[in-house]
Amino acid sequence: MKIILDTTEIVADPALKGVYFRLLREYVASSGSQVIIPEVVIQEARRCMREDVTKLIAELLGAVHKLRTRYVWEALDRAITEGLEIGDADDEMLEYTWYGDLEDAFERRLSDFGASVIPSPSVPHSLLVTAELRRRKPFDGKGRGYRDALIWCSVLEAARDGAETAFITSNKADFPAEPSGTPLDSLLEWFREAEVGPAQVRVFHGLEHFAQVHITPRLPKLWEKVTLEAGKHKMLDLRQVASDQLAAIHDAVEAILRREYSRVIAGSSVRWEGLDPPGVQVLDMRELSNERGLVVARLGYGDVVAGEGPIIIEEVQEAEVPVLWIIPRGMFEMGMEHPKYMEFSVRLAVVFNTRTGEVENAQVSDAEVRTDPSEWLAGW
């Protein structure tokens, strides 16, 4: 199957890492389908992202200016302070300063996803003029719809080889279709001129619609896995369970530190100030008896700051005992010239009621520390 994405799907998730793009990636890998993006869509997506990033950064810098005037500026993040240097720049400067890296990242994401970009279709202008005068969709009868018409022609051109083709768009007004995906109204008139059978092309209004028709029936367990990892599962929130198990996570990681790095940790006190939400990788899912289910996942914490700072210095002076503070990145990174990062993970097993979602039992085990604290404690 050829799966063609409209601009609406790209700009809704330009990082291509939301639930439905993760599902799509797995579906493509298992089915041998091909993801195609028309060049017109790429151009539109770049423009939309540029406008969105410029607007959001301008709003961010405006908020930082307000913080600067209302609060003690030295207590704020040094990185934000440096960002203020372009706070008075015009829109073009903001785009130049911030957008280039984002566009490069976007193109890398497309490449990693395996998407193919196809050039604009070779369609005569006379055909587009005729379609507009006859008010064929996606033209709206008011002179608008040229880019959408090029996208639709790209879809038809891709289907000429007889391959089953799915066009995914959230633009219901300009690309009307039945729930089954059969195009409606004047969209059908394009098929005759393109010499493409209407049965070859289906229109799906959004990635969710496509997933419901093609992905969930084919890969039912995949839907459960992806929604659990993304925190979108209707019954179980693994990140909330992890938050409820913070004390057990602290104990498991500290035990590893003291066992494997006893030389540098000995005599030190380990203090925790919570954790940022973890990354979740589901390892196992199964149904148990009596409406009970089991989920086993590995929780990865990769953005935790650990090391010296004003709080540690004060604690050392008072207690004369070295203190290793493990604190959420967003809370403690501000004001640190050389923050130090710790990466670790734990295994979480959860038994829950599949009817109510109530957690019956949760267990933390198999902690792994991926960074050597000897580097943090050098000189202690």
(Q) Residue pairs, Cβ under 7 Å, 6 or more apart or interchain, first in segment 30-54 and of a type in the set (S, T, N, Q), second surrounded by fewer than 19 Cβ atoms within 10 Å (Cβ to Cβ). List them. (A) SER30/LEU219; SER31/MET1; SER33/MET1; GLN34/SER116; THR54/ASP91; THR54/GLU95
Q: Select, from SER186, SER180, SER170, the only residue that is within 20 Å of the chain's Cα centre (by Cα), farther than 30 Å from VAL350 by Cα and polar (S, T, N, Q).
A: SER170
Q: Give ALA159, ALA131 a once-over and let me know the one that is in the same structural domain as GLU189 (by TED's automatic domain parsing), part of a helix (DSSP H, G or I) and at pLDDT 80 or above.
A: ALA159
Q) Do the conditions hold for GLU178, that is, is it in contact (Cβ under 8 Å) with a residue 12 or more places away in the chain and charged (D, E, K, R)? A) no
(Q) So, ARG134, is that one surrounded by fewer than 19 Cβ atoms within 10 Å (Cβ to Cβ), in contact (Cβ under 8 Å) with a residue 40 or more places away in the chain and not β-branched (Val, Ile, Thr) or not? (A) yes
(Q) Conditions first: (1) surrounded by fewer than 18 Cβ atoms within 10 Å (Cβ to Cβ); (2) in a helix (DSSP H, G or I); (3) hydroxyl-bearing (Ser, Thr, Tyr). SER180 passes all but one, so which condition is the exception? (A) (2)
Q: Return yes when ALA173 is assigned by TED's automatic domain parsing to the domain that holds ALA12, buried (at least 17 other Cβ atoms within 10 Å of the Cβ), of a type in the set (Gly, Ala, Ser) and in contact with a Pro (Cβ under 9 Å, 6 or more places away or on another chain) and no when it is not.
A: no
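Given the structure, is ARG144 without any contact (Cβ under 8 Å) to a residue 40 or more places away in the chain and surrounded by fewer than 19 Cβ atoms within 10 Å (Cβ to Cβ)? Spell out how you get there, then give the answer.
Values: without any contact (Cβ under 8 Å) to a residue 40 or more places away in the chain: yes; surrounded by fewer than 19 Cβ atoms within 10 Å (Cβ to Cβ): yes.
Yes, satisfied.
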Q: Assess whether LEU61 counts as being farther than 20 Å from ALA12 by Cα, surrounded by 15 or more Cβ atoms within 10 Å (Cβ to Cβ) and at pLDDT 65 or above.
A: yes
**Q.** Selection count, segment 113-164, where residues are within 26 Å of GLU26 (Cα to Cα) and among the aliphatic types (A, V, I, L, M)
**A.** 9
Q) Among the listed residues SER154, SER122, which satisfies the condition of being touching a residue at least 60 places away in the same chain (Cβ under 8 Å) and either farther than 18 Å from ILE3 by Cβ or outside any strand (DSSP E or B) (or both)? A) SER154
(Q) So, GLU360, is that one acidic (Asp, Glu), out of contact with any Asp or Glu (no Cβ under 8 Å at 6 or more places or on another chain) and modelled with pLDDT of 90 or more or not? (A) yes
Q) What is the number of the single condition among (1) surrounded by 14 or more Cβ atoms within 10 Å (Cβ to Cβ); (2) at pLDDT below 80 that LEU228 does not meet? A) (2)
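Name the single residue that is nearest to GLN34 (Cα to Cα) among those in segment 183-194 being outside any helix (DSSP H, G or I) and out of contact with any helix residue (DSSP H, G or I) (no Cβ under 7 Å at 6 or more places or on another chain). Lay out the reasoning, then the answer.
First pass over segment 183-194, keeping only residues outside any helix (DSSP H, G or I): 183-186.
When the remaining residues are screened for being out of contact with any helix residue (DSSP H, G or I) (no Cβ under 7 Å at 6 or more places or on another chain), the result is 184-186.
On the way: LEU184: 25, ASP185: 27, SER186: 27 Å.
So the residue we want is LEU184.
Picking from SER243, SER262, which residue would you name as being surrounded by fewer than 18 Cβ atoms within 10 Å (Cβ to Cβ), modelled with pLDDT under 85 and not assigned by TED's automatic domain parsing to the domain that holds LEU23? Explain how you work it out, then say what you get.
Working: SER243 fails: modelled with pLDDT under 85.
Among SER243, SER262, only SER262 is surrounded by fewer than 18 Cβ atoms within 10 Å (Cβ to Cβ), modelled with pLDDT under 85 and not assigned by TED's automatic domain parsing to the domain that holds LEU23.
Is it the case that some residue within segment 205-215 is crowded, with 22+ Cβ neighbours inside 10 Å, within 27 Å of the chain's Cα centre (by Cα) and among the polar types (S, T, N, Q)?
Quick first cut of segment 205-215, residues crowded, with 22+ Cβ neighbours inside 10 Å only: 207, 210-211, 215.
Restricting the remaining residues to those that are within 27 Å of the chain's Cα centre (by Cα) gives 207, 210-211, 215.
From the residues that got through so far, the ones that are among the polar types (S, T, N, Q) too are none.
No, that holds for no residue.
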Q. Tell me, which helices (runs of 4 or more DSSP H) wholly within segment 216-303 include 2 or more residues that are touching a helix residue (DSSP H, G or I) at 6+ places or on another chain (Cβ under 8 Å)?
A. 220-230, 238-244, 246-260
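The values are calculated or read from the model by the stated rules, or taken from the named source; none is laboratory data. Everything quoted here is computed from the prediction, not taken from an experiment. FYI the Cβ positions are ideal-geometry reconstructions off the backbone, even for glycines, and counts take in every protein chain you see.
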